[in-house]
Structure formats: structure tokens, C-alpha cells
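The values are calculated or read from the model by the stated rules, or taken from the named source; none is laboratory data. Every value quoted in this text rests on a predicted model; they were computed, and no experiment measured them. Note that each Cβ is placed from the backbone with ideal geometry, even for glycine, and that neighbours are counted across all protein chains shown. Surface areas here come from the heavy atoms of the whole protein model, side chains and all, with no ligands, DNA or RNA. Shrake-Rupley method; radii C 1.70, N 1.55, O 1.52, S 1.80 Å.
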Amino acid sequence: MPFTPSLAALKALAHPRRLQILERLTRHGPATSAALAHALDLNTGATSYHLRALARHGFVEETAGSGHGRERWWRAVAQDLRLPPRSRQDAATRAVVDEMNRLAYASDLRLFEQLQREHDEHDAWTDAFPYSRGTIRLTPGELRELFEDYIALLNRYKRPDHETPDGARTVLTRFLAFPVPDGDAGPDSTESTGTPR
């Protein structure tokens, strides 16, 4: 079910430490604030504060943990986060969305570069991760339709943990599409580059 966050929720999310925490929970599963603080080299008290801020807006929630003592375990809440169209964003919302996107894409590039540096050439995943850069000519309506098709395709592969086969790993997926700036017209033909594998 699509979820449109409020400006307050977006402000809570557009924070580098909170995005780090949310990404860690998304990639590695539930964790305590102490484990997150250790993994991300953060202060435990600050980590707990950021977790509570994320929880207030529904981005994370408490979950059952290992059962040791009074530890509080947290997990990312899976959701289809939808933002209002840019033309309907006021200046404050637009500024927050732009900062959130800047932080998120910078983090994605760091992770991708880390993967390229550290990946074992003999690992089964070596040739399994694709990337693509392409150019197509679309109307605004067709681009919206392409995005919805992309979301539907991702949803086809979503499944609960108990249905996930052995050997599966968390895979990060990203979609970024934008028109060429005015004065720099794109080619008439469709082209694609990358490693579809």
C-alpha cells in the first residue's frame, strides 16, 4: 500500500545518521541500538534517540529479538514510500526531499564502490549484479507508466522470509530517470549500456 509521508516525517528521515540506521536495518535485519551503534561507529544514546525519531513516523518498529534480558530490538518497516509530485511540493518539502535524495544516492554510490573493491572474483555473485545506463524518448505520462511497471516488477519478487530460498541475499535496487536538460537534446534512437548479465 503506497504511503505518502508528512513533511515532519521527511524531515525526520532526511538526516545522515537516521538514513544510515534505516539502511543498516534494511540490509541486515533487526538489531539493538547497541549493535547499530557499534556497527556504524555511533554513540548508543544518540542511536536510541534516532531510532525513536524514526519509529514516531513509522519507518522502524520494535520487534522480538533474541530474548536476552531487556534488550530492545528494532526492524525497518517495509513500505511503498511515495512522495507528492515535485510540482505539488512546497519549497520546504522540496528542500527536504532534495537533501534526502542527495544523502541516499551518495550512500548508494559508496556501497557500490565498496562492492567493486571487495568482491571475491570466485564468488557466485561476481557476475550476478547488473547495472545499466540507457537513453529512451518518452512523454511524461509514459515515464510515469514506466515507473509503475518497475514497482510492479519489484513487487513480484518480494516474499516473506520463510519463502526465501537458501543463498538469497538482500539486493539493493534503485530507479533514477530524468529528462535531459533543455538545450541538450537527447538522441532520437533508444540505446542502452551496462552489464545486464
Handout entry: Computed Kirkwood radius, in angstrom, where 1/r is averaged over Cα pairs of region 36-153
Key = 18.7
Practice task
Take peptides 124-132, 154-162, 39-47 and line them up by average Cβ neighbours within 10 Å, highest first, as a rough protection proxy.
Solution key: 39-47, 124-132, 154-162
Problem - Whole-Å distance, taken between Cα centres, linking region 1-80 and region 98-162 - result: 22
Exercise for the section: Quick one: plug the Kirkwood hydrodynamic radius of region 1-101 (C-alpha pairs) into Stokes-Einstein at 37 °C, 0.692 mPa s, and report D in µm²/s. Expected result: 230
Problem - Portion, in percent, of the accessible area of the chain that falls on carbon or sulfur, probe 1.4 Å - result: 52
Exercise for the section: Would you mind telling me which residue in Arg86, Arg70, Arg52 has the biggest mean-square fluctuation in a Gaussian network model of the chain, where springs connect alpha carbons within a distance under 10 angstrom? Expected result: Arg70
Exercise for the section: Please find, in a Gaussian network model of the chain (springs between Cα atoms separated by less than 10 Å), the residue of Ala168, Ala64, Ala76 whose mean-square fluctuation is greatest. Expected result: Ala168
Practice task
Report relative contact order for region 15-63 in percent, whole number only (criteria: Cα-Cα under 8 Å, sequence separation at least 6).
Solution key: 36
Problem - Whole-number percent relative contact order across the chain, with pairs defined as alpha carbons under 8 Å at least 6 apart - result: 23
Problem - Estimated dipole of the chain in Debye, rounded to 20 [Cβ of Lys and Arg +1, of Asp and Glu -1, Cα centre] - result: 880
Fill in the blank from the handout: A correct Stokes-Einstein calculation for the chain, using the alpha-carbon Kirkwood radius, 20 °C and 1.002 mPa s, returns a whole-number D in µm² s⁻¹ of 110
Problem - Residue among Thr26, Thr139, Thr170 with the largest mean-square fluctuation in a Gaussian network model of the chain, springs linking Cα atoms under 10 Å - result: Thr139
Handout entry: Relative contact order of region 4-93, defined on C-alpha pairs under 8 angstrom at six or more residues apart (%)
Key = 34
Fill in the blank from the handout: Residues meeting the amide H criterion for Thr63 (H placed from the backbone, H to H distance under 5 Å, 5 or more places apart or on another chain) are Trp73, Trp74, Arg75
Exercise for the section: Roll a 1.4 Å probe over the protein chains and send me the accessible area per residue for region 7-114 in Å². Expected result: 58
Handout entry: Net charge of Cβ neighbours under 15 Å - reference Ala53; Lys, Arg +1; Asp, Glu -1
Key = +4
Fill in the blank from the handout: Long-range amide H partners of Leu81, meaning residues 5 or more apart or on another chain whose placed amide H is closer than 5 Å, are Phe3
